[in-house]
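This is the structure I want to talk about, given as structure tokens.
The values are calculated or read from the model by the stated rules, or taken from the named source; none is laboratory data. Model, not experiment: these values are computed from the prediction. Methodologically, a virtual Cβ is constructed for each residue, glycine included, from the backbone with ideal geometry; neighbour enumeration extends over all protein chains shown. Protein only, heavy atoms only, side chains kept; ligands, DNA and RNA dropped before computing areas. Shrake-Rupley method; radii C 1.70, N 1.55, O 1.52, S 1.80 Å.
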Amino acid sequence: MKKMFTTLALGAALAAGPAAADLVFPDLSYRTGPYAAGGVPFSDGYQDYFALVNARDGGIGGEKARVIECETAYNTEKGVECYEATKGEGALVYQPLSTGITYQLIPKVTADGIPLHTMGYGRTSAANGKVFSNVFNYPANYWDAASAAINHLLEENGGSLDGKKITLLYHNSAYGKEPIRTLEELSKKHGFELGQIAVDHPGQEQKSQWLQIRRERPDYVIMWGWGVMNQVAIQEAANIRFPMENFIGNWWAGAEHDVTPAGEAAHGYKSLNMNRIADLPVFADIKKHVHEAGNAAGDGSNVGSVLYTRGMYAAMLAVEAAKTAQEIHGTADINAAQMRDGMEALEMTNEKMAALGMEGIGPEFSVSCADHGGSGQAIVQQWDANEKMWKPLTDYIDSDREVIATLVAEDSAAFAAENNISERCN
């Protein structure tokens, strides 16, 4: 049987040209470079879900999905090149999985009328749809994550962090710096002392940073890491005997490959997650309709892992937005502008997720013209090194919407002024 779902190298995609009536979803992947350990499973999950929808459901509203994969190696310049090379293929939405690429694409997608979905990363103030018409970061953003981590620590400390020392260990990039302002505001509100320690790309050298942590003896360390930085940090924390239960990563520092290299020493490490990890019925469907048919994006070993699940979740949200767009505009063959409308009207309910074989995978949320950010919720999970699995410690935790709304309004207003953007949704 011919493979209806095609994942193409960039050169092949351009040579072949767009297929008639296909709904095109570019995958700006990174299967190479220092961040490939995270990029590979996410891309596998993203592509496998579109393949499932084609094989099991006959496509989206009867139209086949076509994924064009373009390798970025987590390099901003390559990411922009991939965007420019693929946007003419009929691209409906971009999900670059990179804050650096996101910042460069925001003005481009706005000018080109193509939506950009930066799920839990990118420019946080893009949650303000009044300013960022084509950028979405639902179900939660970086500032939500920072606040959820603090709210978890508040819960663990009887509602008070007064006098506590919390250190932010962050990737020295636009990505890693995103939570700083939020944590500064929360430190004023809750009375904790905030320390900041940067780790340069790619993060393989951290001995000096952890010697500083040992010397300063913070009560908690919050990590904003990605790639090899996470593995090294967890091993260095173990080396100085920092209590793992007081070490919490964001949702890009909480995958299996982050903790397994440290073995038993990683036991008890915590991280956030924007979606649940569970034995969902959808995985059986993927194995049956995609992997057993020989159409898997990868080797099949990542199914059910943290980042595979997140990539699948991202694809599911894209598919549901496409369905919403089809309903709004009365056509199955939607374009990018119509896809944007579908994303802005997306509503995710528990009933809808259960019907898709993904019960409870994410929080309930709805998107509107003014709100492109979703619920802003996160769970806290903990690594069990004995069972080699992540276990949820909490239900979905709310972020401090009052603090975050103020920061989003300030930052988006500055962006609007700098770029001569008038607010919409009035």
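In the set A111, A65, A127, A37, which member is more than 16 Å from the chain's Cα centre (by Cα) and more than 20 Å from A325 (Cβ to Cβ)?
On inspection, the qualifying residue turns out to be A111.
Just a yes or no: is a residue in the range 1-9 at pLDDT 95 or above and open to solvent by less than 50 Å² (accessible area, probe 1.4 Å)?
no
Next up: Among what's in the range 326-353 and is open to solvent by less than 30 Å² (accessible area, probe 1.4 Å) and without any contact (Cβ under 8 Å) to a residue 40 or more places away in the chain, pick the residue that is farthest from V367 (Cα to Cα).
For the range 326-353, the residue satisfying everything is M353.
Got at least one residue in the range 81-95 being among the aliphatic types (A, V, I, L, M), under 16 Å from the mean Cα position of the chain (by Cα) and at pLDDT 95 or above?
The answer is yes, given that some residue of the range 81-95 is among the aliphatic types (A, V, I, L, M), under 16 Å from the mean Cα position of the chain (by Cα) and at pLDDT 95 or above.
Is there a residue being in a loop (DSSP other than H, G, I, E, B) and either closer than 23 Å to S187 by Cβ or open to solvent by 10 Å² or more (accessible area, probe 1.4 Å) (or both) anywhere in the range 142-150?
no
Looking at M229, M274, M316, can you tell me which residue is touching a strand residue (DSSP E or B) at 6+ places or on another chain (Cβ under 7 Å), open to solvent by less than 40 Å² (accessible area, probe 1.4 Å), among the aliphatic types (A, V, I, L, M) and closer than 20 Å to N141 by Cβ?
M274 is the lone residue from the list that is touching a strand residue (DSSP E or B) at 6+ places or on another chain (Cβ under 7 Å), open to solvent by less than 40 Å² (accessible area, probe 1.4 Å), among the aliphatic types (A, V, I, L, M) and closer than 20 Å to N141 by Cβ.
Report yes if I421 is under 15 Å from N275 (Cβ atoms), hydrophobic (A, V, I, L, M, F, W, C), out of contact with any Asp or Glu (no Cβ under 9 Å at 6 or more places or on another chain) and assigned to a loop (DSSP other than H, G, I, E, B), otherwise no.
no
Restricting to the range 262-286, name every residue that is within 18 Å of M229 (Cα to Cα) and of a type in the set (G, A, S).
Those that are within 18 Å of M229 (Cα to Cα) and of a type in the set (G, A, S): A262, G263, A265, A266, S271.
On to the next question. If the requirement is being over 30 Å from A65 (Cα atoms), in contact with a Cys (Cβ under 6 Å, 6 or more places away or on another chain) and at pLDDT 95 or above, which of these qualifies: C369, C425?
C425
Now for a separate question. Which fully enclosed helices (runs of 4 or more DSSP H) of the range 263-361 have 1 or more residues being within 30 Å of A238 (Cβ to Cβ) and at pLDDT 95 or above?
306-329
Look through the range 367-405, keep the residues that are out of contact with any strand residue (DSSP E or B) (no Cβ under 7 Å at 6 or more places or on another chain), without any contact (Cβ under 8 Å) to a residue 12 or more places away in the chain and closer than 23 Å to A146 by Cβ, and return whichever of them is least open to solvent (accessible area, probe 1.4 Å).
For the range 367-405, the residue satisfying everything is A405.
Return the pair list, or none, for Cβ contacts closer than 6 Å from residues in the range 221-239 that are over 21 Å from I166 (Cβ atoms) to residues that are among the hydrophobic types (A, V, I, L, M, F, W, C), at least 6 apart or on different chains.
Once the first residue is over 21 Å from I166 (Cβ atoms) and sits in the range 221-239, its partners that are among the hydrophobic types (A, V, I, L, M, F, W, C) give Q235/A262.
Would you pick out the residues in the range 89-106 that are in contact (Cβ under 8 Å) with a residue 60 or more places away in the chain and either open to solvent by 20 Å² or more (accessible area, probe 1.4 Å) or acidic (D, E) (or both)?
Correct list: E89, G90, G100, Y103.
Of (1) more than 21 Å from the chain's Cα centre (by Cα); (2) surrounded by fewer than 16 Cβ atoms within 10 Å (Cβ to Cβ), N172 satisfies all except one. Which?
(1)
Let me ask another. Out of (1) touching a strand residue (DSSP E or B) at 6+ places or on another chain (Cβ under 7 Å); (2) buried (at least 19 other Cβ atoms within 10 Å of the Cβ), what's the single condition that is false for E364?
The single condition E364 does not satisfy is (2).
Would you say E77 is of a type in the set (D, E), outside any helix (DSSP H, G or I) and open to solvent by 10 Å² or more (accessible area, probe 1.4 Å)?
Spelling it out, it is not the case that E77 is of a type in the set (D, E), outside any helix (DSSP H, G or I) and open to solvent by 10 Å² or more (accessible area, probe 1.4 Å).
Look at I404 and say whether it is of a type outside the set (D, E, K, R) and part of a helix (DSSP H, G or I).
Answer is yes for this residue.
A414 fails exactly one of the following numbered conditions: (1) open to solvent by less than 60 Å² (accessible area, probe 1.4 Å); (2) more than 18 Å from the chain's Cα centre (by Cα); (3) more than 30 Å from V67 (Cβ to Cβ); (4) touching a residue at least 40 places away in the same chain (Cβ under 8 Å). What is the number of that condition?
Of the numbered conditions (1) open to solvent by less than 60 Å² (accessible area, probe 1.4 Å); (2) more than 18 Å from the chain's Cα centre (by Cα); (3) more than 30 Å from V67 (Cβ to Cβ); (4) touching a residue at least 40 places away in the same chain (Cβ under 8 Å), the odd one out for A414 is (4).
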